[in-house]
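Heads up: the structure comes next, in C-alpha cells.
Read-outs: derived from the displayed coordinates by stated rules, not from any lab. Only a predicted model underlies this, so the values are computations on that prediction, with no experimental measurement involved. Positions of Cβ are generated from backbone atoms using ideal geometry, with glycine treated the same way; all protein chains shown enter the neighbour counts.
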Amino acid sequence: MRRTEVLQEIRMMRFYEAYHGWSRGHLTQDEAGILPGMSGRNFRRDVGRYHENGEAGLLDKRLSQASHRCAPLDEVLQLTDMYSERYHGWNVKHFYSFNSSQE
C-alpha cells in the first residue's frame with residue numbers, strides 16, 4: 001500500500017472517530033474537527049459529503065486519476081528499450097539530450 005493510500009485510511013479513521021463523538025453529542029463540530037486535524041468548517045463539509053455519498057464521499061479523488069503529464073506507456077517502453085539496447089553505456093542526461101534533438 002502506498003503512503004498516500006495509508007494516509008487516506010488514517011484520515012478516514014480519524015473522521016469516523018470524530019463523527020461518532022459529534023453524533024452522540026459528546027463533541028461540538030469545532031472540537032470534532034480538531035481530532036482529524038481540520039477546522040470545524042472542513043468537518044462540516046466532510047459530514048455533508050458523508051451523508052450524501054457515504055464512505056465514497058470522503059475519498060480523495062485525485063489519487064485515482066492519472067496525471068495529465070504522464071507519458072503514454074508505449075512511448076516509455078520504446079525509450080527504455082532504445083536506451084538499454086542501442087545506447088548502452090550512455091548516461092541518461094546524454095541520452096535525453098540526444099533523443100530530444102532527434103525529434
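Please go through region 27-74 and give me each residue that is surrounded by fewer than 14 Cβ atoms within 10 Å (Cβ to Cβ) and assigned to a loop (DSSP other than H, G, I, E, B), ordered by number.
Thr28, Gly37, Ser39, Asp60, Gln65, Ala66, Ser67, His68, Arg69, Cys70, Ala71, Pro72
Please specify each residue of region 49-83 satisfying the condition of being small (Gly, Ala, Ser) and touching a helix residue (DSSP H, G or I) at 6+ places or on another chain (Cβ under 8 Å).
Listed by number, the list holds a single entry, Gly57.
Give region 23-46 a look and list any residue that's hydrophobic (A, V, I, L, M, F, W, C) and either under 16 Å from Leu59 (Cβ atoms) or free of Cβ contacts under 8 Å to residues at least 24 places away in the same chain (or both), or say none. Write out each step before concluding.
Applying the first criterion (hydrophobic (A, V, I, L, M, F, W, C)) to region 23-46 yields 27, 32, 34-35, 38, 43.
Leu27, Ala32, Ile34, Leu35, Met38, listed by residue number.
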